[in-house]
Amino acid sequence: MRHIPRFFLNHEIENGKSLEISEQQMRHAVKVLRQNVGDEVRVFNENFGEWSCKISDIKRKIVIPIKLIESPRQENGPSIACALINPNKFAIMMEKITELGVSEIFPIITEYTQFKTFNFDKIEQIIIQACEQSRRLSIPKLHESKKLSEFLSNQDSEMQILVGSEQAEYPQLKNIIQKNCIFMVGPEGGFSKSEENSMKKYSNISLFHYGSNILRSETAAAAFIASWQLMYS
């Protein structure tokens, strides 16, 4: 069965109304997947759903919507606040948590964070490509990075923030998790003692026991989002 290209398009989608996709998207359809004029591609966004389109003009990058495939739907996954890590591992983390249904991403800088910046445009493109691959309709909101203290001070006091721990004294995730929550993942090396102490000042931060094994940041992020999906999707 021939693969049908699927592209995010941040525009109004209307039956029969010509749309211009990006040069990169058309190149992928034509050069990689060998699509031609008259062949099918799909475009989508959270406001207008997913549409089957036919390629009308390769040079002008024009496609024409002809049929609604998937109506707009609400996609409300959990959010995550994740410390910046090695750029390659951070990119993998973004790809996997997007596929698993994360709704908002808050990059944070902690005391043990070694990488203080990230390429916003590159990561946003990785997120969009993960949505195209995973059949999502909505794109997770990617925020600019903030220091941990600034992130915590800006959060609604009613929003549950969950932090994983290998310590068995804390409750299991299934016993405390709420549908609307933010998972917080530290860098390699974890959170510092002073950061852990500062977290105790926030009544909406809860620690949970995720097992005796130490997880890498990118593994923990994917595991936590997957756990939420098992309970609420």
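Looking only at segment 9-21, how many residues end up being farther than 16 Å from residue 67 by Cα and either at pLDDT 95 or above or in the same structural domain as residue 127 (by TED's automatic domain parsing) (or both)? Full working, then the answer.
First, pick out the residues of segment 9-21 that are farther than 16 Å from residue 67 by Cα: 10-11, 20-21.
Right, trim to either at pLDDT 95 or above or in the same structural domain as residue 127 (by TED's automatic domain parsing) (or both) and you get 20-21.
Total meeting the criteria: 2.
For segment 71-103, the candidate set comprises residues that are in contact with a strand residue (DSSP E or B) (Cβ under 7 Å, 6 or more places away or on another chain), modelled with pLDDT of 95 or more and closer than 30 Å to residue 15 by Cβ; within that set, the residue that is surrounded by the fewest Cβ atoms within 10 Å (Cβ to Cβ) is 71. Output yes when any residue across segment 110-129 is surrounded by 19 or more Cβ atoms within 10 Å (Cβ to Cβ) and over 25 Å from residue 8 (Cβ atoms), and no when none is. Within segment 110-129, one or more residues are surrounded by 19 or more Cβ atoms within 10 Å (Cβ to Cβ) and over 25 Å from residue 8 (Cβ atoms).
The set of residues in segment 130-182 that are loosely packed, with under 13 Cβ neighbours inside 10 Å, part of a loop (DSSP other than H, G, I, E, B) and among the basic types (Lys, Arg) comprises 135, 179.
The values are calculated or read from the model by the stated rules, or taken from the named source; none is laboratory data. Every value quoted in this text rests on a predicted model; they were computed, and no experiment measured them. Quick reminder, even Gly has a Cβ in these numbers, built from the backbone with ideal geometry, and neighbours come from all protein chains shown.
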